[in-house]
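Novice: The structure's right below; bear with me while I get my questions together.
No value in this document is a laboratory result; all are computed from the given coordinates. From a predicted model like this one, the values you see are computed outputs, not experimental measurements. FYI the Cβ positions are ideal-geometry reconstructions off the backbone, even for glycines, and counts take in every protein chain you see.
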């Protein structure tokens, strides 16, 4: 029992001591480290063509909408959205102002602020 208690105290002390150290080589700034063995070729979402880039972009950028655990569409950056009756204009709102509008012309989507 005493051996187990000593071991538990030692583990707690090591855990607390390891959590308090900061890496001084970064000038006190917080650094986000992302380990991806496939290699990331771009952090631009427009050029995310493979799974490694898509995952990294999802860590960095928020979308207008997101999927919940049941794969239902939920608000993210856009708090509300509306779709025109013909299904060609999608407008996303953040608060009281329109933040983004997507207009579909003959199957081609055009976006604007």
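Novice: At 0.36 nm per residue, minus the direct Cα-Cα distance, what do residue 25 and residue 55 gain on full extension? Give it in nm, one decimal, please.
Specialist: This chain segment gains 8.0 nm when fully extended.
Novice: Run the simple label-point estimate for residue 70 and residue 42 please: 7 Å along Cα→C-beta, distance reported in nm.
Specialist: The two pseudo-label positions are separated by 3.7 nm.
Novice: When you count, for each residue, the other Cβ atoms within 10 Å and take the mean per peptide, how do 50-60, 4-14 rank with the highest first?
Specialist: Top of the packing list down: 50-60, 4-14.
Novice: What FRET efficiency comes out for the pair residue 94/residue 34, r = Cβ-Cβ distance, R0 = 30 Å, nearest 0.05?
Specialist: The formula returns an efficiency of 0.65 here.
Novice: Among 26-38, 63-75, how do they line up by average Cβ neighbours within 10 Å per residue, starting with the highest?
Specialist: Those peptides, ordered most packed to least, come out 63-75, 26-38.
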